[in-house]
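Here's the structure, in structure tokens; my notes come after.
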Ligand SMILES: NC(=O)c1ccc[n+]([C@@H]2O[C@H](COP(=O)([O-])OP(=O)(O)OC[C@H]3O[C@@H](n4cnc5c(N)ncnc54)[C@H](OP(=O)(O)O)[C@@H]3O)[C@@H](O)[C@H]2O)c1
């Protein structure tokens with residue numbers, strides 16, 4: 001496989017997705033920066049990306065992709081394959097935060113966050129995998145979170161969506177290894193992106209009011225995360241390093257943050273427990289890439 005990759009990134013209008021798209025393109029990769037509504041709400045972001053691509057002669061282009069819409073995902077993937085002939089890397093980055101007491105989130109809000117943060121990756125992975133299988137290689141990269149491994153009060157549905165994403169990505173990691181397709185997970189800590197300014201609040205105010213002092217936890221946590229937030233370019237640089245790691249040598253999990261907050265410990269325990277689980281089911285020998293260390297990216 002050529003060392004320069006054909007990459008699709010979801011949620012590339014702002015934040016990590018935008019930085020990942022620009023960073024990979026600046027390192028010679030061909031990048032499809034996908035986003036919702038590039039002709040409307042995201043037209044300024046789309047134009048800025050196109051202008052950058054022109055100014056710096058990058059192989060970087062914008063495509064419409066709403067991860068909650070099957071037809072939109074399939075259209076975008078078809079367009080990448082028609083134009084580039086292959087897809088080497090799919091980066092499942094699109095996501096948002098729903099915060100507030102778990103009981104105060106409506107069922108519809110709970111479904112909506114799963115539809116983006118979890119089913120979004122389900123749709124994208126199902127759309128790209130037949131092409132990766134034809135190529136006999138590829139990488140599914142999942143932008144999870146430290147909140148995919150530890151639970152933060154008042155961020156319960158966000159954590160649930162990322163825990164679900166972690167389980168799916170790990171399952172793919174085992175199941176696809178024999179076909180030469182890798183599945184890895186990035187677990188960022190808090191970073192400066194628009195995400196905390198775009199938090200969706202749990203809508204049931206009446207339920208929230210019954211909690212007394214606990215109803216202030218979401219605000220307190222957001223304050224701590226904002227104060228701790230690092231430079232988001234660190235995550236884009238880590239993704240570049242992962243994408244450029246030779247096939248077959250990538251780890252399952254990469255924590256990216258200044259502090260582990262226990263995520264490394266959980267990953268280490270999980271790795272040895274999963275090894276035993278594979279053994280119990282007589283599957284340990286079936287997977288080519290299992291048990292690569294889960295410690296930080298650097
Ligand atoms: N920043 C952090 O501290 C942090 C830490 C850990 C993990 N993460 C994860 O990193 C990922 C990127 O977040 P960010 O921090 O870079 O925040 P961000 O700047 O708000 O980016 C989120 C992106 O997801 C997109 N998106 C939301 N719903 C979508 C949909 N239905 N279809 C397509 N795109 C959609 C947004 O697009 P629109 O512009 O159309 O809304 C935006 O481009 C998320 O999965 C987040 O959970 C962030």
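The values are calculated or read from the model by the stated rules, or taken from the named source; none is laboratory data. Computed from a predicted model, the values in this text were never measured in an experiment. Glycine gets a Cβ as well: all are built from the backbone with ideal geometry, and neighbour counts include every protein chain shown.
So here's what we get for this one:
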{"item": "Residue in segment 148-164 that is closer than 18 Å to residue 68 by Cα and away from the ligand (no atom under 14 Å from the Cβ) present", "result": "no"}
{"item": "Residues of segment 104-121 that turn out to be within 13 Å of the ligand (Cβ to nearest atom) and either surrounded by 21 or more Cβ atoms within 10 Å (Cβ to Cβ) or under 14 Å from the mean Cα position of the chain (by Cα) (or both), as a count", "result": "9"}
{"item": "Condition check for residue 13: more than 15 Å from the ligand (Cβ to nearest atom) and part of a loop (DSSP other than H, G, I, E, B)", "result": "no"}
{"item": "Which listed residue is in contact with a strand residue (DSSP E or B) (Cβ under 7 Å, 6 or more places away or on another chain), under 30 Å from residue 3 (Cβ atoms) and in a helix (DSSP H, G or I), from 80, 122", "result": "80"}
{"item": "Within segment 194-283, helices (runs of 4 or more DSSP H) holding 2 or more residues that are modelled with pLDDT under 95, more than 16 Å from the ligand (Cβ to nearest atom) and under 24 Å from residue 175 (Cα atoms)", "result": "263-280"}
{"item": "Segment 158-193 - residue that is more than 16 Å from the chain's Cα centre (by Cα) and part of a helix (DSSP H, G or I) and, of those, surrounded by the fewest Cβ atoms within 10 Å (Cβ to Cβ)", "result": "178"}
{"item": "Residues (surrounded by fewer than 18 Cβ atoms within 10 Å (Cβ to Cβ) and closer than 14 Å to residue 190 by Cβ) located in segment 235-259", "result": "258, 259"}
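Residues are listed down the side, and each one gets a yes or a no for (1) on the phi < 0 side of the Ramachandran plot; (2) more than 19 Å from the chain's Cα centre (by Cα); (3) surrounded by fewer than 19 Cβ atoms within 10 Å (Cβ to Cβ):
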{"residue": "26", "(1), (2), (3)": "yes, yes, yes"}
{"residue": "34", "(1), (2), (3)": "yes, no, no"}
{"residue": "38", "(1), (2), (3)": "yes, yes, no"}
{"residue": "54", "(1), (2), (3)": "yes, yes, yes"}
{"residue": "67", "(1), (2), (3)": "yes, no, no"}
{"residue": "70", "(1), (2), (3)": "yes, no, yes"}
